[in-house]
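The values are calculated or read from the model by the stated rules, or taken from the named source; none is laboratory data. The structure presented is a predicted model; accordingly, all values stated were derived computationally and were not measured. Cβ: placed from backbone, ideal geometry, glycine included. Neighbour counts: every protein chain shown.
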Amino acid sequence: MEKKKRSSFSSRIGFVLAAAGSAVGLGNIWRFPYLAAKYGGGIFLLVYLILAVTFGFALMITEIAIGRKTGLSCIGAYKSLDKRFGALGWLAALVPVIITPYYCVIGGWVMKYFFEYISGNGLALAGDSYFGNFIGFADGGLLSTPLFWFLVYVLVTAVVVLLGVEKGIEKVSKVMMPVLVLLSIVVAVFSMTMPGAVEGLKFYFIPDFSHFSIKTVLAAMGQMFYSMSLAMGIMITYGSYMPKESNLERSVGQIEIFDTAIAFIAGLMIVPAVVAFNGGSAEGINAGPGLMFGTLPKVFEKMWAGHIVGTVFFLLVLFAALTSSISLMETVVSIVGDKLHMGRKPATVAVTVGVCLLGIPSCLGYGPLAGVELLGMQFLDFFDFISNSVLMPIVAFFTCILIGWFVGTKTVSDEVERNFPFHRKRLFEVMVRWIAPILIVCILAGQILDVTGVMKI
Ligand code: TRP
């Protein structure tokens, strides 16, 4: 039934922009730079790029093809390909459920920074301990707590989901996204030319193989899934809206280039600057989720009209974040609504309450709950780890097994080849059948040994 009613994008470019819009978000601007700084700069970048054009390509083309072929979203799509893989759809659907709450926590931080810039407090944001105090709940006052901003952010997201004004938001973000890219280039050029930035550029560009470890690959792989919205059924849903006659392989290439380019520019904006502020040395930079918030205000402080740049920048990031969290929440709402047979309104209310409850530990994790650790991590890092480094690799693994060994790679390649030749078919086949599953198993095994303390890697 669902099949007949399926609406579809009117043009291939519309599809590419929508999918890229889902892909580009905090993952590119906030998450990529801090992981690159944390996992050795150039070597992370190299591993990421290799994974993106091989594994990322194979998985994205698989997901979009599954979606377009079955015309279903992930829960139904996996089941319709093979009954035994029905549970995989559910596992994929669990990922946005885990991501949405902590995504909103970061969204709240962005909102707070935008608010401070617009109220003329840009100078304070550039202070060394500002960010730490903020997420640590050290500043009194309601407006200064991350909890308040988290709740506001969730409410804004929920209202849009409820009213369904995403069309408007989409229009706005079509204008805002290119502006964000342009502004990021300006900031990146500025940050690359700061005194001491050269060391940072070397760190970002020149791979140092002594920094390589299994963790680098795991982090890069998790980031690739996250940033391209893979291994969580999102691209299956998008694929189900893709016009049958359009060029699938080319679209995938464009989405990947777009997403990777923005992450790359965000890295250029932040990594050389952190190194410059660290006295020109890449040693001992403390890279974590706070990197963007600690570094960028300092960069803006040194720029001409920096407070205006800061205001505009955080507004644009806020938009990129909102478009992503709206579609994340939308995904969860549609799953809850469909499966529990709830109307859209009650489902949205239930999901909003759930997101608030699940997000609170992540929000308090650096402050009142700082003492509580799960596997040695704060709540936010823990949820991030479980979704990106555990669940998504598992979903990706079984997707490869399903396509490579059960239904056959032909299912995907036939769909890709409907009207166009499939240039990288061999690459796709080898990746899906062999390389990707073996890689995932090795990395996950290494990770489990590491976390359980059996073997340190
Ligand atoms: N890829 C998005 C980012 O880079 C985050 C994200 C993950 C997302 N899953 C999603 C966005 C689903 C929209 C829908 O920030």
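Residues in region 281-335 that are over 24 Å from PHE258 (Cα atoms) and assigned to a loop (DSSP other than H, G, I, E, B): SER281, ALA282, GLU283, GLY284, ILE285, ASN286, ALA287, GLY288, GLY290, MET303, TRP304, ALA305.
If the condition is being outside any helix (DSSP H, G or I) and small (Gly, Ala, Ser), then region 336-345 contributes only GLY343.
Specify which of the listed residues (LEU358, LEU449, LEU402, LEU444) is farther than 23 Å from PRO96 by Cα and in a helix (DSSP H, G or I).
Working: LEU358 fails: farther than 23 Å from PRO96 by Cα; LEU402 fails: farther than 23 Å from PRO96 by Cα; LEU444 fails: farther than 23 Å from PRO96 by Cα.
Among LEU358, LEU449, LEU402, LEU444, only LEU449 is farther than 23 Å from PRO96 by Cα and in a helix (DSSP H, G or I).
Determine if region 264-278 includes at least one residue that is modelled with pLDDT under 95 and either within 16 Å of the ligand (Cβ to nearest atom) or not in a helix (DSSP H, G or I) (or both). Among the residues of region 264-278, at least one is modelled with pLDDT under 95 and either within 16 Å of the ligand (Cβ to nearest atom) or not in a helix (DSSP H, G or I) (or both), which makes the answer yes. A count restricted to region 176-206 and to residues that are within 21 Å of the chain's Cα centre (by Cα) and either at pLDDT 90 or above or among the aliphatic types (A, V, I, L, M) (or both) stands at 11.
Name the residues in region 413-434 that are among the hydrophobic types (A, V, I, L, M, F, W, C) and surrounded by 18 or more Cβ atoms within 10 Å (Cβ to Cβ), would you?
Correct list: VAL416, PHE422, PHE428, MET431, VAL432.
From the list SER213, SER229, SER251, pick out the single residue that is touching a Ser or Thr at 6+ places or on another chain (Cβ under 9 Å) and among the hydroxyl-bearing types (Ser, Thr, Tyr). Spell out how you get there, then give the answer.
Working: SER213 fails: touching a Ser or Thr at 6+ places or on another chain (Cβ under 9 Å); SER251 fails: touching a Ser or Thr at 6+ places or on another chain (Cβ under 9 Å).
The conditions single out SER229.
Pairing each residue of region 23-51 that is within 20 Å of ALA197 (Cα to Cα) with any residue that is surrounded by 24 or more Cβ atoms within 10 Å (Cβ to Cβ) and of a type in the set (Ser, Thr, Tyr), provided the two are 6+ apart or on different chains, yields C-beta distances under 7 Å for PHE32/SER227; ALA36/TYR204; GLY41/TYR204; GLY42/TYR204; LEU45/TYR204.
Taking (1) within 16 Å of the ligand (Cβ to nearest atom); (2) crowded, with 21+ Cβ neighbours inside 10 Å in turn, PHE300 satisfies each apart from (1). When residues in region 221-260 are screened for being within 28 Å of LEU182 (Cα to Cα) and within 14 Å of the ligand (Cβ to nearest atom), 17 of them pass.
Based on what the data block shows, is PHE9 in contact (Cβ under 8 Å) with a residue 12 or more places away in the chain and surrounded by 22 or more Cβ atoms within 10 Å (Cβ to Cβ)?
Here the answer is no, as PHE9 does not meet what is asked.
Checked against the criterion of being at pLDDT 95 or above and over 24 Å from SER80 (Cα atoms), region 406-421 has at least one qualifying residue.
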